[in-house]
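**Q** Please see the structure below; I have some questions.
The values are calculated or read from the model by the stated rules, or taken from the named source; none is laboratory data. Source: prediction; values computed, not measured. As a convention, Cβ positions derive from the backbone with ideal geometry for all residues, glycine included, and neighbour counts pool all protein chains shown.
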Amino acid sequence: MKKLDKPLSLKSARTLQITYNLPISRTSKFWEGLKEGKVYATTCQKCGMLHFPPVADCGNCGLSNVKWTELDGEGEIVTFTQVFVKPASFSKEPSYIVAIARLKEGVKALAWLTGIKREDVKVGMKVKLVARVTSDGRATYEFIPV
């Protein structure tokens, strides 16, 4: 068999759209809570690990017995970035800030940071993780400065 100098490949410039369903039945309380203005995490009944976003099965010990914990949402920014090159699903959005904050409950959360200019964002600043419903009816969460 003849050895090729380069691996064979085809380059495609097509945009691929994938539609998929996320099974949320075991975490539906989280989505319902967002619509009610509440943000929930789950706490493992065996090892005590707090999970956000919530999970039905503990990633630490594997137990499927978790309890729901409402988060206060207060925290401090650990790191952040401003997104200019956006995924296609956010292409109509202006540039936005994404932050990771350590919440007072001890868990880190990743979310958009709204209501503040990039130049005013600082590591260590106080934020609150809040629930909101978008104009098209999607339940989500975001950080706001406090």
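**Q** Select, from Thr43, Thr79, the only residue that is assigned by TED's automatic domain parsing to the domain that holds Thr140 and either out of contact with any His (no Cβ under 7 Å at 6 or more places or on another chain) or charged (D, E, K, R) (or both).
**A** Being assigned by TED's automatic domain parsing to the domain that holds Thr140 and either out of contact with any His (no Cβ under 7 Å at 6 or more places or on another chain) or charged (D, E, K, R) (or both) holds for just one of Thr43, Thr79, which is Thr79.
**Q** Before we move on, is Ile144 modelled with pLDDT of 95 or more and in a loop (DSSP other than H, G, I, E, B)?
**A** Spelling it out, it is not the case that Ile144 is modelled with pLDDT of 95 or more and in a loop (DSSP other than H, G, I, E, B).
**Q** Out of the residues in the range 1-58 meeting the condition of being aliphatic (A, V, I, L, M) and surrounded by 10 or more Cβ atoms within 10 Å (Cβ to Cβ), tell me which one is modelled with the lowest pLDDT. Show your work before the answer.
**A** In the first step, residues of the range 1-58 are kept if they are aliphatic (A, V, I, L, M); the result is 1, 4, 8, 10, 13, 16, 18, 22, 24, 34, 39, 41, 49-50, 55-56.
Subsequent filtering for residues that are surrounded by 10 or more Cβ atoms within 10 Å (Cβ to Cβ) retains 24, 34, 39, 41, 49-50, 55-56.
Working: Ile24: 80, Leu34: 97, Val39: 98, Ala41: 98, Met49: 97, Leu50: 97, Val55: 95, Ala56: 94.
Looking at residues that are aliphatic (A, V, I, L, M) and surrounded by 10 or more Cβ atoms within 10 Å (Cβ to Cβ), I get Ile24.
**Q** A further question on this structure: Working only within the range 58-93, note down all residues that are farther than 26 Å from Glu32 by Cα and part of a loop (DSSP other than H, G, I, E, B).
**A** Cys61, Phe84, Val85, Lys86, Pro87, Ser91, Lys92
**Q** With the checklist (1) assigned to a loop (DSSP other than H, G, I, E, B); (2) free of Cβ contacts under 8 Å to residues at least 60 places away in the same chain; (3) outside the structural domain of Cys44 (by TED's automatic domain parsing) in hand, flag the one item Glu105 doesn't pass.
**A** For Glu105, the failing item is (2).
**Q** Test Val55 against the stated conditions and say whether it is in a loop (DSSP other than H, G, I, E, B) and within 21 Å of Arg138 (Cβ to Cβ).
**A** yes
**Q** Among Lys67, Lys104, Lys117, Lys108, which is in contact with an Asp or Glu (Cβ under 6 Å, 6 or more places away or on another chain) and of a type outside the set (Gly, Ala, Ser)? Give the derivation first.
**A** Values: Lys67 fails: in contact with an Asp or Glu (Cβ under 6 Å, 6 or more places away or on another chain); Lys117 fails: in contact with an Asp or Glu (Cβ under 6 Å, 6 or more places away or on another chain); Lys108 fails: in contact with an Asp or Glu (Cβ under 6 Å, 6 or more places away or on another chain).
Lys104 is the lone residue from the list that is in contact with an Asp or Glu (Cβ under 6 Å, 6 or more places away or on another chain) and of a type outside the set (Gly, Ala, Ser).
**Q** When you scan the range 76-84, do you find a residue that is over 25 Å from Val127 (Cα atoms) and either among the basic types (Lys, Arg) or within 20 Å of the chain's Cα centre (by Cα) (or both), even just one?
**A** No; the residues of the range 76-84 include none that is over 25 Å from Val127 (Cα atoms) and either among the basic types (Lys, Arg) or within 20 Å of the chain's Cα centre (by Cα) (or both).
**Q** Now, a different point. Does Ile24 count as more than 30 Å from Ile144 (Cα to Cα) and of a type outside the set (Phe, Trp, Tyr)?
**A** It is false that Ile24 is more than 30 Å from Ile144 (Cα to Cα) and of a type outside the set (Phe, Trp, Tyr).
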